Amino acid sequence: MPGIRDTAYPELKSALSAKELGEVYTPNFVELVWAEKRTREPAPRVGLLALLKIFQRLGYFVSLSDVPASLLEHIARSAGYDSVPSGIFRYDAGSVRRRHMLLIRDYAGVKAWGEDAQEAMEKASEEAGRTLEDIADIINVILEQLVRQRFELPAFSGLQRAAQHARAVANREYQALVCGRLDAAARERLAILLTRVDDDTKSPWHRLKEEPKQPTTQNNREFLDHLSWLREQAIGPSTFRDIPEVKLKQFAAEARSLDVASMNDLTEPKRLTLAAALVFAQTGQALDDVADMYVRLVQRLHNQARTALLEYQAEHVERTDSLIATLHGVTLAYRSEGSAEQRLSAIGELIEPEADRILEQCEAHQATAGRNYLPFLARFYSHHRAALFNFLESRSEEHTSELQSR
């Protein structure tokens, strides 16, 4: 359960710095005049100013007995007194305080807590509870609406209760919606998952919750078998249409934390929704893992082919040198003195004896020239051909991203 400090609910600090006292809790001239016109005695005047400045900061009233002494002393000095008036601590119990609260609300333009404020809180909590799961986040939405509508803030416990109630109501509605969308076959599969067995570690529910090993080429068959089993549970994305992602994740997380006995103690709508959400989440994660595994395998094959190219080029440096030497001789023969026939004859003398070999070497060099490693890819692909086809066959017709869209 979140505390006050986990939310935006304003809280009076027990220790205030001189800067905070000066910037936040110092009455201005208009406020001093306003308080002077409405009080005669020092204690009520300091009490009125203290309540005003604290209410402006917090949005709700506190007892002066809970106010730090440094703050009361600062208010008293701002009002022109050397010290805090002696009767200040009787201020909380008197009727003057209640009258002053009315004056402060009117001065600040804030409406007292009542039916309208309660209705505004319930409406804000209901809307937030449908899209948010964290209680602190729901409370912050309620606070924002109450401040925007200029309502006095209630006690923090009241906000907690409203947020909890709104979340519970929204979750029950979503669970009823999901439960109503499950056909008889899906319900039967989920019931089988939640069947009690003597050894819980061997139950279908335990198998569903168990995180599979990270997919590798060594255990890919085991991983793909697990994915196939998950897909047999067949909870389609349409089951969770209009359910916010944060709710679906929370349902799956709650299901993961419960054993078979605890799941079967839940109401039927909640039990089926949590189980279906976990099946859906585990299947989606497995599909993502298969895609990652496929990408990593293909990347590894390409890296191996690149390495093979570099090794091949290093092994055939002499061939490259020989071809360069032949080209050098041809160029010199072309630039030599004499007629065109004489130069052509000189070139022929250089390449004719080895023409077939030179042509073969040129074609081999061109095939792997630069960074073209693709000719070497087939060598490594052949060893993983079956695995690659298994990965492709394991993919659902619906892409993972489509599974996650509702």
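The values are calculated or read from the model by the stated rules, or taken from the named source; none is laboratory data. Note that the structure is a prediction, hence the values are computed from the model and not measured. All Cβ positions, glycine included, derive from the backbone under ideal geometry; neighbour counts span all protein chains shown. Side chains are part of the model used for accessible areas, which takes the heavy atoms of the whole protein and leaves out ligands, DNA and RNA. Shrake-Rupley method; radii C 1.70, N 1.55, O 1.52, S 1.80 Å.
Quick look at the values:
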read-out	value
Whole-Hz couplings from phi, Karplus 6.51/-1.76/1.60, listed for segment 304-312; x for Gly and Pro	5, 5, 4, 5, 4, 4, 4, 5, 5
Under-5 Å amide H pairs with residue 111, H placed in peptide plane, nonlocal only	151, 152
Accessible area of segment 193-332 divided out per residue, in Å², using a probe of 1.4 angstrom	53 Å²
Distance between modelled label sites at residue 165 and residue 246, nm, 7 Å Cα→Cβ extension	2.1 nm
Dipole of the chain, positive end: most advanced residue of 276, 244, 125 [Cβ charges, Cα centre]	125
About the Cα centre, charge dipole magnitude for segment 109-265 (Lys/Arg +1, Asp/Glu -1 at Cβ), debye	300 debye
Theoretical ellipticity at 222 nm over the chain - DSSP helices of four or more residues, -39500 (n - 2.57) apiece, nearest 500	-22500 deg cm²/dmol
Accessible area of the chain belonging to carbon and sulfur atoms, whole % at 1.4 Å probe	51 percent
Folded to 0 to 90 degrees: helix 29-38 orientation relative to the chain principal axis, Cα	30 degrees
Segment 111-187 versus segment 300-378: alpha-carbon centroid distance in Å	77 Å
Solvent-accessible area of residue 228 with every protein chain in place, 1.4 Å probe, in Å² to the nearest 10	60 Å²
Binned Cα-Cα distance frequencies in segment 146-212 - 5 Å width, integer %	3, 13, 11, 12, 13, 12, 10, 8, 6, 8, 4, 1
Contour excess over end-to-end distance, with Cα ends at residue 355 and residue 73 and 0.36 nm allotted per residue	90.9 nm
For the chain, with +1 on Lys and Arg beta carbons and -1 on Asp and Glu, the positive-most of 358, 322, 7 along the dipole	7
Links that overshoot a 31 Å alpha carbon limit, given the list 53/123; 111/247; 13/111; 13/249; 123/247; 123/270	111/247; 13/249
Shape category assigned to the chain from the gyration tensor of Cα positions, a/c cut at 1.5	oblate
Sites matching trypsin sites (Lys or Arg not before Pro) across segment 17-114 that sit in DSSP coil, with at most 12 neighbouring C-beta atoms within 10 Å	40
Only Lys, Arg (+1) and Asp, Glu (-1) charged, at Cβ; the chain dipole about Cα centre in debye	2180 debye
Taking N as its residue count, the alpha carbon Rg of segment 50-184 over 2.2 N^0.38 Å	1.44
Signed unit charges on C-beta, dipole axis of the chain, positive-most listed residue 195, 87, 257	87
Tail fraction, Cα-Cα pairs, segment 196-344, threshold 23 Å, whole percent	60 percent
Cα-projected label distance for residue 93 with residue 18, points at 7 Å along beta-carbon direction, nm	3.7 nm
Å² of accessible area per residue within segment 1-160, as computed with a 1.4 Å probe and no ligands counted	54 Å²
Sequence-separation-based contact order of the chain, relative, with Cα cut under 8 Å and 6+ spacing, percent	13 percent
Residues whose placed amide H lies under 5 Å from that of residue 236, excluding near-sequence neighbours	none
Candidates 331, 195, 320, ranked by Gaussian network fluctuation over the chain, Cα under 10 Å, top entry	331
Net charge, residue 343 excluded, C-beta distance under 9 Å - Lys, Arg +1, Asp, Glu -1	-1
Note, ³J(HN,Hα) from phi for segment 316-321, Karplus 6.51, -1.76, 1.60, rounded to Hz, x at Gly and Pro	10, 4, 4, 4, 4, 4
In segment 314-382, the trypsin sites (Lys or Arg not before Pro) that fall in loop regions by DSSP, at most 15 other Cβ within 10 Å	371
Rough spin-label spacing in nm, given labels placed 7 Å along Cα→Cβ, for residue 337 and residue 288	7.9 nm
